Amino acid sequence: MSGFGAREKGLLWRDGDEAVDLSALGDVFAQPTLNPLMAAGPAAWRQAIEAAQSHDGPRLTAGAARLPFAVADYVDFYSSLEHATNLGRMFRPDQEPLLPNWRWLPVGYHGRAGSVVVSGTDVVRPNGQRKAPDDDAPTFGPSRRLDFELELGFVVGVGSELGEMVPVDAFADHVFGVVLVNDWSARDIQAWEYVPLGPFLGKSFQTSISAWVTPLALLDDARVEAPAQDPPPLDHLAGGREWGLDVALEVELNGETISRGNAKTLYWTMPQQLAHATSNGAPLRTGDLMASGTISGSEPRSEGSMIELYRGERFLADGDELVLRGRAANGVELGEVRGRVLPARAS
């Protein structure tokens with residue numbers, strides 16, 4: 001079982017390779033998205049899981065689903081020490097790989113909720129400005145360095161008020177569940193535009209998520225101690241170390257497995273990410289999606305992006321099909337995120 005999905009007629013519950021139609025249960029189960037259920041809070045979530053697990057409704061093919069929730073906002077972090085170190089060594093070979101703020105806060109950026117799509121949606125190669133180091137001026141055209149990013153995201157159920165900070169230990173009161181995420185990236189567009197304000201068009205063209213939201217309650221048995229942090233974080237980010245998730249991750253490109261990693265290596269945990277995102281008083285809304293950033297391990301072939309796996313020598317080609325998969329240590333499948341690269345549209 002891997003949690004809740006949705007279709008126009010109501011919610012679905014995944015049971016192996018099949019999906020149980022929950023719409024006959026009425027109320028929040030008869031809605032076209034998970035948002036009403038997610039907004040109902042933890043007590044309702046527990047009851048919904050029990051009802052879904054015991055309901056013997058009509059069964060469908062598990063892949064018959066759509067975007068499971070209406071995305072309110074989208075935030076992407078940079079929480080993997082191994083990933084940040086790998087990129088730092090590539091981009092700043094003669095300097096300390098981590099920037100001074102990295103060990104003090106979960107670095108992140110705001111993406112576009114409107115370009116979050118469900119698994120199975122093709123990705124059109126984006127157009128944009130790019131400038132190689134030896135070019136005299138930038139040019140506009142299709143990205144030549146299209147990449148994927150293997151991530152784990154969490155979905156907010158219960159919102160918060162403007163001016164309110166959500167502390168680390170209140171994470172489970174607000175967050176409904178997790179999804180697999182592929183935050184597609186155009187590395188050449190990103191490299192030219194991101195100084196000084198960070199990612200924009202190199203990221204905003206598309207972000208893909210799994211069709212299934214796995215409730216946190218299903219992952220209790222897969223929680224482990226997260227890696228130690230040095231230096232200790234400031235008080236408002238302290239804690240959350242019991243929220244490492246032992247979720248095995250896999251990347252398949254054109255039928256070949258090119259990477260295997262695990263979400264338990266993340267330096268900044270999900271509760272810390274949420275606390276940081278609200279530490280200035282920014283409010284939460286039902287349907288907010290927050291993703292971990294690329295998850296890379298320390299072993300060869302555990303990197304979560306092409307730029308790391310192939311050291312910038314290979315990127316995604318038109319026609320390539322990429323599949324991300326996740327499986328928790330307690331056997332819960334998180335589904336998959338699948339996408340095929342289509343040629344750029346004429347500019």
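Bear in mind that the values in this text are calculations on the coordinates, not laboratory data. Here the structure is a predicted model, which means the values were calculated and not measured. Neighbour counts run over all protein chains shown; Cβ positions are idealised from the backbone, glycine included.
Which value, in debye to the nearest 20, describes the size of the charge dipole of the chain about its Cα centre when Lys and Arg Cβ atoms bear +1, Asp and Glu Cβ atoms bear -1, and nothing else is charged?
Here the chain has a charge dipole of around 660 debye.
Please compute the contact order of the chain in relative form: average sequence separation of alpha-carbon pairs under 8 Å and at least six residues apart, divided by the residue count, as a percent. Write down the numbers at each step before the final one.
Numbers: 898 pairs, mean separation 81.1, N = 347.
This gives 23 percent for the chain.
Hey, in the GNM for the chain with a 10 angstrom Cα cutoff, which one of 51, 186, 263 fluctuates hardest?
Largest GNM mean-square fluctuation: 51.
Explain nothing, just the number: relative contact order of segment 3-61, from Cα pairs under 8 Å at least 6 residues apart, as a whole percent. Kindly include the intermediate steps, with their values, before the conclusion.
Values: 89 pairs, mean separation 20.4, N = 59.
In percent, rounded to a whole number, it is 35.
In what order do 109, 267 fall by count of nearby beta-carbon atoms within 10 Å, going from fewest to most?
109, 267
Let's test the formula: R0 of 45 Å, r as the Cβ-Cβ distance of residue 60 and residue 260. What FRET efficiency results, to the nearest 0.05?
0.90
Put +1 on the Cβ of each Lys and Arg and -1 on the Cβ of each Asp and Glu in the chain; which of 176, 57, 201 then has its Cα farthest toward the positive end of the dipole?
Going by the Cα projections, it comes out as 201.
If you build a Gaussian network model of the chain, linking Cα atoms that sit under 10 Å apart, which residue out of 106, 283, 93 swings the most?
Among 106, 283, 93, the largest GNM mean-square fluctuation belongs to 93.
Could you put 9, 264 in order, starting from the residue whose Cβ has the fewest other Cβ atoms within 10 Å?
Arranged by neighbour count, lowest to highest, 9, 264 become 9, 264.
If you put +1 on each Lys and Arg Cβ and -1 on each Asp and Glu Cβ, how big is the dipole of segment 41-171 around its Cα centre, in Debye rounded to 20?
Taking the Cα centre of segment 41-171 as origin, the dipole is about 360 debye.
Please report the antiparallel percentage of DSSP beta bridges with both residues in the chain, rounded to the nearest 5.
90
Compute the distance in nm between two label points, each set 7 Å from the Cα along the Cα-to-Cβ direction, one at residue 342 and one at residue 330.
Here the modelled spin labels are 3.9 nm apart.
Please find, in a Gaussian network model of the chain (springs between Cα atoms separated by less than 10 Å), the residue of 279, 79, 259 whose mean-square fluctuation is greatest.
279
How much length, in nm to one decimal, is gained on full extension between residue 172 and residue 280, taken as 0.36 nm per residue of separation minus their Cα-Cα distance?
This chain segment gains 36.9 nm when fully extended.
Could you go through segment 202-218 in sequence order and give the Karplus-derived ³J(HN,Hα) for each residue, using 6.51 cos²θ - 1.76 cosθ + 1.60 with θ = phi - 60°, rounded to whole Hz, and x for Gly and Pro?
Couplings: x, 10, 6, 6, 5, 10, 9, 10, 5, 7, 10, 9, 8, x, 3, 4, 6 Hz.
How do the peptides 132-139, 13-20, 39-46 rank, highest first, by the average count of neighbouring beta carbon atoms within 10 Å per residue?
Details: 132-139: 8.4, 13-20: 18.2, 39-46: 15.5.
In descending order of packing, they fall as 13-20, 39-46, 132-139.
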